[in-house]
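Written out below as structure tokens is the structure these notes cover.
Nothing in this text is a laboratory measurement; each read-out follows from the coordinates by a stated rule. Here the structure is a predicted model, which is why all the values come from computation and not from measurement. Quick reminder, even Gly has a Cβ in these numbers, built from the backbone with ideal geometry, and neighbours come from all protein chains shown.
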Amino acid sequence: MDLLKASLSEIATAVRSKKVSALEATQFFMNRAKKLNPKINAFISFDESAQDQARKIDEQVSRGEDPGPLAGVPWGIKDMFCTKGLRTTAASKILENFVPPYDATAVALLKKNGAVILGKLNQDEFAMGSSSENSHFGAVKNPWNLNCVAGGSSGGSAAAQALRMVAASTGTDTGGSIRQPASFCGVVGAKPTYGRISRYGIIAYASSLDQAGPLTNSVEDAALSLEIMCGKDIKDGTSSSLPVPSWKKNLNPSMRGRKIGVLKEYFQDGGLHPEVQAATEKALSELKQQGAEIVEVSVPLTKYAIPMYYLIAASEASSNLSRYDGVRFGFRSEFKSLAHINLSEFYSKTRGEGFGAEVKRRIMLGTYCLSAGYYEAFYNKAGQVRRMLRDEFSLAFEKCDVILSPVTAAPAFKLNERISDPLQMYLNDIFTVATNLAGLPGMSVPFATSKERLPIGIQLMANHFQEQKMLDAALALEGISGLKGLVADVL
Amino acid sequence: MSQDKISVEEISRIAKLAQLQLSAEEVSNYSQQLSKAIGYFEQISQVQTARVEPLVTPTEIENILRKDEVKTETSSEEILRNAPHKTGSLFTVPPVV
């Protein structure tokens with residue numbers, strides 16, 4: 001079996017039928033991950049118990065038990081997910097030594113279904129960023145071009161996936177943090193409808209926007225991973241109780257009669273890189289040729305998506321991150337003696353030293369937006385526009401099954417190119433944040449390669465709980481692109 | 001940078017609210033950067049939103065209630081393992097009262 005190319009189901013089937021042992025699969029990916037990691041810095045921690053986890057899977061198989069549809073499949077986990085007994089940092093100094101006493105529900109579900117955890121993946125600190133440069137553990141590099149960013153915030157997941165250091169990986173997406181790095185690195189990245197995957201045990205950034213999802217090398221793998229990660233969880237008050245469909249089994253690439261929406265506003269301003277523009281146009285014309293109907297739709301308030309997103313995300317972040325106080329867990333500044341320290345000084349010094357620049361910037365922005373005199377004009381106003389935006393999307397989805405767009409205006413940018421101008425970096429998220437504001441499912445599927453050999457993805461979004469339509473269209477695009485199972489080979 | 005929307009004094013006030021100790025350089029940088037960002041975000045005021053209820057979570061959900069039962073999921077020992085400083089079975093903190 002070629003583990004570089006095998007689907008998740010093929011690996012699990014081989015393990016269940018003893019054609020490949022979970023241990024062999026684990027060693028194959030772990031060796032590859034450890035060998036390649038120094039070049040791209042995708043991992044923060046390796047899980048040295050991976051071989052033991054694999055042996056347990058093999059023992060289950062030997063006893064005639066079924067470890068599940070991910071039997072022996074090696075996964076990488078973004079460092080936002082709590083993993084029992086395995087250091088979880090959110091790429092922050094403030095959590096540098098945090099070892100969770102429990103698993104995030106999404107991680108527990110992967111393990112329950114047979115997955116082996118190889119380690120924890122690098123990212124922007126607290127998932128705040130679009131380049132994975134804001135990490136206490138150093139920037140992630142793009143495996144297609146080491147001078148470029150991997151995207152963010154799930155940059156470690158996307159880069160590791162592109163190099164096939166893992167069979168699949170998890171990410172979190174608050175404003176594009178799965179889809180954008182997936183596009184920059186040439187892998188599939190999907191987030192389901194808000195509420196589908198439990199947020200329990202995932203370090204909170206902006207709770208009303210945060211949603212987890214998988215990064216994989218194929219649409220089929222994404223569909224299977226979503227099925228396993230989604231489901232009602234009593235520990236998350238926003239968790240959806242709707243049944244999780246058999247997305248993988250029901251995959252259907254036939255586009256005959258499907259309505260593909262094109263968001264007028266996304267193409268008005270120009271500013272698209274010519275190769276991204278060409279890829280998007282090609283995607284539309286090929287789907288049309290396969291029988292899809294292309295429909296122009298309008299969501300005028302997407303014009304305000306960036307302000308809305310950053311006002312809401314920063315406000316929620318400033319509240320969520322108040323828990324890091326140097327008392328119960330995480331980093332605490334050095335104090336000679338606590339006896340004469342004022343409590344506020346104790347908190348402020350610890351937080352000032354423990355958080356990185358971008359995290360502090362967003363805490364400041366959020367605190368400002370929530371402070372007396374500004375709350376109405378910023379946080380409250382953004383929430384009002386957010387409702388109107390969601391309603392506009394509902395109307396748009398009366399006319400189409402999915403909306404197709406670029407993921408970003410251009411392929412991966414150079415390391416250090418945008419880090420000094422935060423607003424420029426924020427504007428990078430123009431095509432992805434609306435999905436989170438409206439709580440819609442969205443994904444990125446590799447579709448083209450630029451002249452400079454950088455991947456270009458296409459974004460698909462669907463109405464609430466219509467993941468199947470999104471996955472079907474992604475499967476059709478994957479077929480057209482010929483890029484299924486793409487593995488970066490520049491190293 | 002006297003035209004900055006968010007002055008260094010305002011930044012210092014916000015930092016205090018957020019319990020963040022910032023260096024003089026950080027205060028100056030954040031004053032400029034947040035002024036620029038807020039300047040851009042202010043365009044949101046152009047949208048007419050009279051009588052619109054703010055959306056606080058994207059999918060409408062009812063209050064979810066469950067029985068208030070004690071369940072042991074972890075031990076205090078395990079929790080205290082992550083404490084940066086502890087005294088016996090207690091977290092060590094500066095004087096609070």
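Points worth noting:
- Candidate cross-link partners of A:LYS336 among the lysines, defined by an alpha-carbon separation under 26 Å and a same-chain spacing of 8 or more, comprise A:LYS93, A:LYS349, A:LYS360, B:LYS16, B:LYS86.
- Scanning residues 5 or more positions from A:SER333 or on other chains, those with amide H under 5 Å from its amide H are A:THR350, with H placed 1.01 Å from N in the peptide plane.
- You can think of it this way: the chain between B:THR74 and B:THR87 has 2.7 nm of extra reach, that is 0.36 nm per residue less the Cα-Cα gap.
- In terms of packing, defined here as the mean over residues of other Cβ atoms within 10 angstrom, the peptides A:335-343, A:296-304 line up highest first as A:296-304, A:335-343.
- Taking Cα centre as origin and charging only the Cβ of basic (Lys, Arg, +1) and acidic (Asp, Glu, -1) residues, the dipole magnitude of the protein assembly as shown rounds to 700 debye.
- Label-to-label distance, A:GLN27 versus A:GLU353, with points set 7 angstrom from Cα along the beta-carbon direction: 4.5 nm.
- Beyond 45 Å, the tail of the calculated P(r) for chain A holds 8 percent of the Cα pairs.
- Couplings 3J(HN,Hα) for region A:230-239, derived from phi with the Karplus relation 6.51 cos²θ - 1.76 cosθ + 1.60 (θ = phi - 60°), are 7, x, 4, 9, 4, 7, 10, x, 9, 5 Hz, where x marks Gly and Pro.
- Under 20 Å from a label point set 7 Å out along the Cα-to-Cβ vector of A:SER420, the amide N atoms of region A:130-145 belong to A:130-135, A:139-140.
- Neighbouring Cβ atoms from other chains, within 10 Å of the Cβ of residues in B:86-97, number 3 on average.
- Relative packing of peptides A:310-317, A:12-19, A:236-243 - highest average C-beta neighbours within 10 Å first: A:310-317, A:12-19, A:236-243
- Available extension along the chain between A:LEU427 and A:ARG55 is 129.2 nm, counting 0.36 nm per residue and deducting the alpha carbon span.
- R0 of 51 Å, Cβ-Cβ distance A:VAL487-B:GLN32: FRET efficiency to nearest 0.05: 0.75
- Think of it as helices only: each DSSP H run of n ≥ 4 in chain A is worth -39500 (n - 2.57), and spread over all residues that comes to -11000 deg cm²/dmol at 222 nm.
- Per-peptide average of other Cβ atoms within 10 Å, ordering A:369-380, A:83-94 highest first: A:83-94, A:369-380
- Amide N proximity, region A:161-196 versus B:THR57 label position 7 Å along Cα-to-Cβ, cut-off under 16 Å: A:193-196
- Residues A:THR408, B:THR92, sorted so that the one with the fewest Cβ neighbours within 10 Å comes first: B:THR92, A:THR408
- Placing a pseudo-label 7 Å from each Cα along the Cα-to-Cβ vector at B:GLU9 and A:GLN268 gives an inter-label distance of 4.1 nm.
- Antiparallel beta bridges, as assigned by DSSP with both residues in the protein assembly as shown, represent about 70 percent of the total such bridges.
- Net length gained if the chain between A:SER394 and A:LEU343 were fully extended (0.36 nm per residue, minus Cα distance): 13.5 nm
- Computed about its Cα centre, the charge dipole of chain B is approximately 120 debye, with only Lys, Arg, Asp and Glu carrying charge at their Cβ.
- For residues of B:56-66, the mean tally of beta carbons on other chains within 10 Å: 6
- Extreme residue, positive dipole direction of chain A, given options A:PRO38, A:GLY352, A:PRO253 (C-beta unit charges): A:PRO38
- For A:362-372, mean number of other protein chain Cβ atoms within 10 Å: 6
- Counted by neighbouring Cβ atoms within 10 Å, the residues A:MET443, A:MET308, A:MET229 run from fewest to most as A:MET229, A:MET308, A:MET443.
- Three-way shape label, chain B, alpha-carbon gyration tensor, a/c 1.5: oblate
- Per principal axis, descending, Cα span of region A:303-380 in whole Å: 52, 23, 19
- For region A:202-247, the residue among A:ALA212, A:ALA222, A:ILE202 whose Cα projects farthest onto the positive side of the dipole built from Cβ charges is A:ILE202.
- Computed over the Cα atoms of region A:87-198, the ratio of the radius of gyration to the Kirkwood radius (Rg/Rh) comes to 0.95.
- Toward the positive end of the charge dipole of the protein assembly as shown, with +1 on the Cβ of Lys and Arg and -1 on the Cβ of Asp and Glu, the farthest Cα among B:ILE38, A:GLY482, A:SER131 is that of A:GLY482.
- Using R0 = 45 Å, the C-beta based FRET efficiency linking A:GLU452 and B:GLU25 works out to 0.80.
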